[in-house]
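Where a number appears in this text, it was derived from the coordinates with a stated rule and is not lab data. Because the structure is predicted, anything quoted here is derived from the model rather than measured. Because the Cβ atoms are built from the backbone with ideal geometry, glycine has one as well, and the counts that use them run over all protein chains shown.
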Amino acid sequence: MYKVLRLFLTVLLFGIVTGCGDQRILEKLGLIQTTSYDIAPGSDEDESKQKLLISVTIPRPDSGTGTGSGGVNREFLTAIAQTSKGGRVNLSRQTELQLVSGQLRNTLFGLSLAKQGIWEHIDTLVRDPSISPKVKITVVNGNAHDLLAKNYPFHPRTGQYIDRMLEKESHSQVVPSTTLYQFTKDYFDDGIDPIAPMIKEAGDNVKIDGVALFQKDRYIMKIEPKQALIFAMMRTDIKQGDLNVDLSGQNRNNEHVTLSSLVSHRSVHVTPHNGNFRVDINIKVSGSVLEYIGVLDLENDKDRSTIEKLVSEYVQANANEMIAVMQKNRVDSLGLGKNIRSTLHYAQWHKMNWPDTYQRIEVKFHVNVRIKDYGMFTK
Amino acid sequence: MREKLHPFHVGLLVFMVQAGVVSIFLPRMLAQYMGYNGWVSLLLFSAVATFNIFLISVVYRLSDGKSIFQIIEQSLPKVIVFPLYTVLVSVWTLIGCIAAKQYILLFTVFVFPTTPPMYMKFLFDIIAYSLITKGIYNISKAATVFFWMVIWTALLLLFFLKGFEWVNLTPFFFKESSDVIVGGLSIFTAFLGYELVLLLFPYVNSKKGFMSAVYFGNFLTTFIYLAICLTCFGFYSFKQLTRMKFPLIDLLAYIRLPFVERVENIFIALYLVSALMSITMYIWAASETAQSLIPRASKRWITGVLVCGAFAVSWIPDVLSEVELWLKYLGYMASGIAFGLPLLLIAILAINNGGKKLV
């Protein structure tokens, strides 16, 4: 009796486990790699009536000819819809593949949409369990759909090209690596505002176009690419980077220094000051000078310390300029609110209107640049 | 001679029964109910659990290794014993089956979104049934194996050292807490499971190490919970954490290894053994109680009936939020049992002994 029952159960078990209810056959899947969001052209002025232009790119090694963007081995789908998941249904109607987002790497937001706020789209992404928290968020200076639709003949297929470029650039700190996790974290934190890398189309290439600064989820201003590294130093510790310094601002015309293998460390000190706050940000930078064009002599200790001083001044001047604009625009991209919050009681912090206080606080940068070495060849 | 449980196995068994599916939501619950730096309150919950274990240790000392059923049946009339046992059997069976259902539903959210959950629940119950019928000694051996399968994943938390920011913790303590009492009860259920050692008295070999092992199990649970929750509070911003449904899974999803990413699906599958252990032990406890209720019935049949009953009941709640609601109330009842049962036993033993050995 038992044996019969056991046999029956075993057979039933096999029947069930090989039932294969949830099949995922790779060839039948459309693995979305990049998604772009824009306001649909010709949309209403009224934000609530606006439609969304959604595009996705799916790598298709089996379609098209040749390699790289020139060979168009990708599928590019576009739809106009009210919501992003609604757009997904619309996109699905245009392909024989089952669209899945498990391999999504990057989401591009057009500038005009970013100016209106992107949280509701990000909310859809963080809700979806198949989407990784490491998906990148990128702002396109211009139209995200156009940038993604275009094929760049000298590069890998567009989605991959942008993804790899951002990966590389964020490694060297030129742009932040903003992921869904990071954006959501900063969006919900009352002591910091999110940031994201910005890119734009430049002929046959896509170019890094600085850093987009948000207030909550709305794009407010950007940091120019040439200031991006200094911005990174103001914000966090840097482990690798190259800084190009034009010393003409320090009254030394036609003098240029390039600091390579740059490492920086930042520390923040908050002191209450006449009912306001004074924030001192110390930045310690060290790097090698592999290029110097000017009248000073790198081998001379005194001249080298002059260069150190000049570069420090340069960094400090840029930092001061950036923080002034950020304070004017009420974007706390450096997260100074977090530091100030740490010194306060709960009631004090909540009584204070942080964005207003932020405009008034006094921020001082103290930059100390050290030249570690100056190459393997003397003049 | 029947094989007896070694304290080491008891310790690991306690940990495996305690740490279950709840750890997936625990950081969010702490943020929601206990507010800023809610992770600190874990120490308080752990202290309450430790006190409860102390009560159990008093029972153990007074009982001289007798099973609690003997103690109860010797002193209480059948009219009281019968409903008491029925309550124990139903609460423990239900908590077992609903916790299993919760795990299965979670599993389907992430891994097999369109597979009917009851298929998987069926397979799950078959494993649980086979484990329970093998007896407590084999269950504890399985728990030890499962422990080593799961515990190393705690090392993955080291991955978050880089993203951890002390400044995210904020200097605020327990601000913006809500429903502290109700929420606290729900959080406390994360520690439940140790009360089942009441049923282990006849099965342990050494008098001395047994209770220390239970304390150790609880300590280990506290330590792992603290590690997970502290990581979450430092890695996520507070308001973000209150909105995350499954913080632990999000945490695992963030891990990217050079050769593979999105490893959370593998880990959810791995935590099956942890969930399995909680369910197995609860239904084992229920079947032990049922055995005392109907001494003539075969153990195998009792277990079979209970597992089938549990399977049938778990059809009823079919969405995650319903399951959570059921678990909430069952958790309250189980907490009541965890405290009430040892107190009752102490009272009985104190009266029987005339207060001789109480001190």
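Descriptive notes on the structure:
- Relative intensity, log₁₀ I(q)/I(0), of chain B from a Debye sum that treats every alpha carbon as a point, q = 0.12 Å⁻¹: -0.88
- Seen against the Cα atoms of chain B and their longest principal axis, helix B:320-353 is set at about 40 degrees.
- With the simple spin-label model, which puts each label point 7 Å out from Cα in the Cβ direction, the residue B:86 to residue A:357 separation comes to 6.1 nm.
- Exposure proxy for B:95, A:80: other Cβ atoms within 10 Å of each Cβ, ordered fewest to most, give A:80, B:95.
- Structural size metrics of the range A:116-168, computed from C-alpha coordinates, are Rg and Dmax of 13.0, 36 Å.
- Candidate cross-link partners of residue A:28 among the aspartates and glutamates, defined by an alpha-carbon separation under 16 Å and a same-chain spacing of 8 or more, comprise A:62, A:75, A:96.
- Neighbour counts of other Cβ atoms within 10 Å put B:59, A:139 in the fewest-to-most order B:59, A:139.
- Average projected area [Cα convex hull, chain A], square nanometres: 29.6
- Counted by Cβ distance under 10 Å from residue A:267, the other residues give a net charge of 0, where Lys and Arg count +1 and Asp and Glu count -1.
- Take the Cα of residue B:257, step 7 Å toward its Cβ, do the same at residue A:205, and the gap between the two points is 3.8 nm.
- Farthest positive-ward along the range B:7-337 dipole, Cα basis, beta-carbon charges - from B:7, B:229, B:174: B:7
- Beta bridges by DSSP in the protein assembly as shown, antiparallel share as percent, to the nearest 5: 65
- Taking the DSSP beta bridges with both ends in the range A:225-379, the antiparallel portion is around 65 percent.
- Shape box of the range A:153-304 [Cα atoms, principal axes, largest first, Å]: 58, 49, 25
- Taking GluC sites (Glu not before Pro) in DSSP loop conformation with at most 14 other Cβ atoms inside 10 Å as exposed sites, chain A has its longest uninterrupted site-free stretch at A:97-298.
- Rg to Rh quotient for the range B:28-145, alpha carbon positions, Kirkwood Rh: 1.06
- Within straight-line cross-link reach of residue B:141, aspartates and glutamates at Cα separation under 13 Å, skipping those fewer than 8 residues along the same chain: B:3
- Residue pairs exceeding 20 angstrom between C-alpha atoms, taken from A:136/A:222; A:185/B:162; A:134/A:226; A:284/A:372; A:284/A:309; A:134/B:245: A:134/A:226.
- At least 24 Å along the helix axis (C-alpha) and Kyte average at least -1.0, DSSP helices within chain A: A:301-328
- Between the range A:342-379 and the range A:134-157, the Cα center-to-center distance that results, in Å: 33
- Degrees, to the nearest 10: B:136-151 long Cα axis against longest axis of chain B: 10
- Between helix B:41-63 and chain B there is an angle of about 20 degrees, using the helix long axis and the longest principal axis of the Cα atoms.
- Cross-link pairs exceeding 25 Å in C-alpha to C-alpha distance, out of B:101/B:328; A:351/B:175; A:207/A:364; A:51/A:338; A:85/B:101, comprise A:207/A:364; A:51/A:338; A:85/B:101.
- Considering only A:248, A:101, A:132, the Gaussian network model of chain A with Cα springs below 10 Å gives its largest mean-square fluctuation to A:248.
- Theoretical ellipticity at 222 nm over the protein assembly as shown - DSSP helices of four or more residues, -39500 (n - 2.57) apiece, nearest 500: -16500 deg cm²/dmol
- Look at the dipole of the range A:225-379 built from charges on Cβ: of A:289, A:267, A:251, the Cα furthest out on the positive end belongs to A:267.
- Fraction of C-alpha pairs exceeding 50 angstrom in the protein assembly as shown: 29 percent, rounded to a whole number.
- Based on the convex hull around the alpha carbon atoms, the range A:225-379 presents an average projected area of 10.0 nm².
- Within 10 Å of each Cβ in A:331-341, the average number of Cβ atoms from other chains: 1
- Value of D in µm² per second that Stokes-Einstein yields for the range A:24-174, Kirkwood Rh from Cα pairs, at 10 °C (1.306 mPa s): 100
- Label-to-label distance, nm, for residues given as residue A:273 and residue B:325 (7 Å Cα→Cβ offset): 5.6
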